[in-house]
Amino acid sequence: MNNLAKFYINGAWVAASDDARLHPVTNPATEASEGDISLAGKKDVDLAIQAARDAFESFSQTPLDERLKMLARILEVYQSRLDDMADAISREMGAPRHTLAAKVQAPMGMGHAQTTLEAAKSFEFEQQLGRARVRREPVGVVAMITPWNWPMNQVMCKVAPAIAAGCTMVLKPSEFAPLSAHVLAEIIDEAGLPKGVFNMIYGDGAEVGPMLSSDARVDMVSLTGSTRAGASVSKEAADTFKRISLELGGKSANVLLPDCDLEKAVTHGVQSMMNNTGQSCNAPSRMLVQEGQLEQAEAIAAKVCESITVGDPQDKNNRLGPIANERQFKRVQSMIEKGIEEGAKLVCGGPGKPEGLDKGFYARPTVFSAVNNDMVIAREEIFGPVLVMIPYKDVDDAVNIANDTEYGLSGYVYGATEEDAAKIATRLRTGMVHLNGAQLDLPAPFGGYKHSGVGREWGVYGLEEFLETKSVFHTA
């Protein structure tokens, strides 16, 4: 991969400044090197922000049709590089290459571009209200800070609507997942986006995040990451009154109603939790089971875990790859140990790596049961293949337990019918709820309540995040 240690600024690959430093990229499946990237220093951040600032005046005045043609061209080039994107994602964060990376992770970027195109075509950028003409205009220069777990999903759900809105941007992808972002920069370069509209730097989030968030030339910060990172961005952005959009953590409850098909509900819940090796902010990590059905649910969960194959993400027979990086692997292992220490019942899995996988950051699919909602493993986001099962007395108790969390990103309800599940969904304090195994839908808003974030992404709701509202008053 060419130019890996360079940044993409003002339409060109630029060497890092003398205050940057190198950072190794490690393949989590093999622990082998994938090369080195540069971590930006203050000079690099300044250069990228200024490029976006200089490009904004012109790009913001570009007609919508032209911006959408640019986005369509990016989508076209992305399609031609889909295999490269899937390969990059698999190598950088361990997603199974032939299934998750190729069929879900990489295509999600295209899905957001296509959804944004459709949303923007029908969006009312101007409307008449009385004597006022109300305009929706680009917010300005946007700093984008993205994580490693669903790299192109979380990059493109920001980049695509920002382009459609007429914003310019500085993207800071996770230093643990830089390869896919590098491919995206190549795609955008080939698509011919005007210089300075899209700029990309790598960097340590704790260092570069405050530089981007506090800079007066930046009008908005859009971050997907931890609750701690969201709080930092909010504080750093406050003095310059920036708009912030935050998609943060979750500890989503999966309420299995007493009359549901328990076999189907538990199977779906365990499989959904383990997908992407449990590294999804909206994962159904707390399974709430009526106390009289807990033993039966445990047996089903154990059987499902035994059927999950963990190993080399290049092998199409493996469903789960490794944890994305060593730091997160250690975090997951410490939380599994914490669950044992707290006295939770270990149904399957446990600490350490699966048998025969000594190399790579692999974790065992783990299920704890008889968990109290006050335990650390029930309250903190683990971000690994670890499910906790919590018993409840009745439906009111289940709702109380589900809502007893600082998070509010997603929720899941499984009932005898979707109508039964929907009645519970209205009582959950979350931004999203899945009924009876329903999947996400890209045009629908993605985001949460409470500590899970501020604002919404995806589709028309994501487009609105990048727009300001202006009233132009006429005499008649």
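Tabulated data for the structure shown
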quantity	calculated
Only one of 223, 256 that is at pLDDT 95 or above and under 18 Å from the mean Cα position of the chain (by Cα)	223
Residue in the stretch 54-61 that is farther than 30 Å from residue 122 by Cβ and either surrounded by fewer than 19 Cβ atoms within 10 Å (Cβ to Cβ) or among the hydrophobic types (A, V, I, L, M, F, W, C) (or both) present	yes
Test: residue in the stretch 231-246 that is of a type in the set (D, E, K, R), closer than 20 Å to residue 455 by Cα, buried (at least 23 other Cβ atoms within 10 Å of the Cβ) and within 20 Å of the chain's Cα centre (by Cα)	no
The listed residue being at pLDDT 95 or above, acidic (Asp, Glu) and surrounded by fewer than 18 Cβ atoms within 10 Å (Cβ to Cβ), out of 298, 337	337
Criterion: under 30 Å from residue 421 (Cβ atoms) and charged (D, E, K, R) - qualifying residue of 261, 219, 204	261
Residues within the stretch 183-232 that are under 24 Å from residue 37 (Cα atoms) and not in a loop (DSSP other than H, G, I, E, B), tallied	26
The stretch 371-393, subset touching a residue at least 12 places away in the same chain (Cβ under 8 Å) and either among the acidic types (Asp, Glu) or surrounded by fewer than 17 Cβ atoms within 10 Å (Cβ to Cβ) (or both), residue nearest to residue 31 (Cα to Cα)	381
Number of the exception - residue 469 against (1) outside the structural domain of residue 291 (by TED's automatic domain parsing); (2) surrounded by 14 or more Cβ atoms within 10 Å (Cβ to Cβ)	(2)
Residue within the stretch 91-103 that is under 18 Å from residue 160 (Cβ atoms) and not polar (S, T, N, Q) present	no
Residue in the stretch 361-377 that is farther than 23 Å from residue 248 by Cβ and in a helix (DSSP H, G or I) present	no
Some residue of the stretch 457-471 being on the phi > 0 side of the Ramachandran plot, modelled with pLDDT of 95 or more and under 17 Å from the mean Cα position of the chain (by Cα)	yes
The lone exception for residue 398 - which of (1) in contact (Cβ under 8 Å) with a residue 24 or more places away in the chain; (2) in a helix (DSSP H, G or I); (3) surrounded by fewer than 22 Cβ atoms within 10 Å (Cβ to Cβ) it fails	(3)
From the options 412, 362, 407, residue that is within 26 Å of the chain's Cα centre (by Cα), under 17 Å from residue 258 (Cα atoms), buried (at least 24 other Cβ atoms within 10 Å of the Cβ) and not hydrophobic (A, V, I, L, M, F, W, C)	412
Residue among 160, 177, 164, 143 that alone is assigned by TED's automatic domain parsing to the domain that holds residue 27, touching a residue at least 60 places away in the same chain (Cβ under 8 Å), touching a His at 6+ places or on another chain (Cβ under 8 Å) and closer than 26 Å to residue 282 by Cβ	160
Filter pass, residue 15 being more than 23 Å from the chain's Cα centre (by Cα), under 30 Å from residue 118 (Cβ atoms), among the aliphatic types (A, V, I, L, M) and in the same structural domain as residue 176 (by TED's automatic domain parsing)	no
So residue 417, is it farther than 16 Å from residue 291 by Cα and within 26 Å of the chain's Cα centre (by Cα)	no
Strands (runs of 3 or more DSSP E) within the stretch 44-156 that include 1 or more residues farther than 27 Å from residue 14 by Cβ	126-129, 132-138
Residue match in the stretch 195-213 (condition: farther than 22 Å from residue 43 by Cα, at pLDDT 95 or above and aliphatic (A, V, I, L, M))	no
Subset tally (residues that are among the charged types (D, E, K, R), in contact (Cβ under 8 Å) with a residue 60 or more places away in the chain and farther than 11 Å from residue 183 by Cα) for the stretch 65-85	3
Residues of the stretch 86-113 that turn out to be of a type in the set (Val, Ile, Thr) and either in contact with a helix residue (DSSP H, G or I) (Cβ under 8 Å, 6 or more places away or on another chain) or touching a residue at least 24 places away in the same chain (Cβ under 8 Å) (or both), as a count	2
Residues of the stretch 301-332 satisfying the condition of being surrounded by 19 or more Cβ atoms within 10 Å (Cβ to Cβ) and farther than 23 Å from residue 86 by Cβ	301, 304, 305, 332
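A quick yes/no check of all residues on (1) among the polar types (S, T, N, Q); (2) buried (at least 17 other Cβ atoms within 10 Å of the Cβ); (3) touching an Asp or Glu at 6+ places or on another chain (Cβ under 9 Å); (4) on the phi > 0 side of the Ramachandran plot:
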site	(1), (2), (3), (4)
15	no, no, no, no
31	no, no, yes, yes
48	no, yes, no, no
97	no, yes, yes, no
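The values are calculated or read from the model by the stated rules, or taken from the named source; none is laboratory data. Here the structure is a predicted model, which means the values were calculated and not measured. Here the Cβ is made from the backbone with ideal geometry for all residues, glycine too, and neighbour counts use every protein chain on show.
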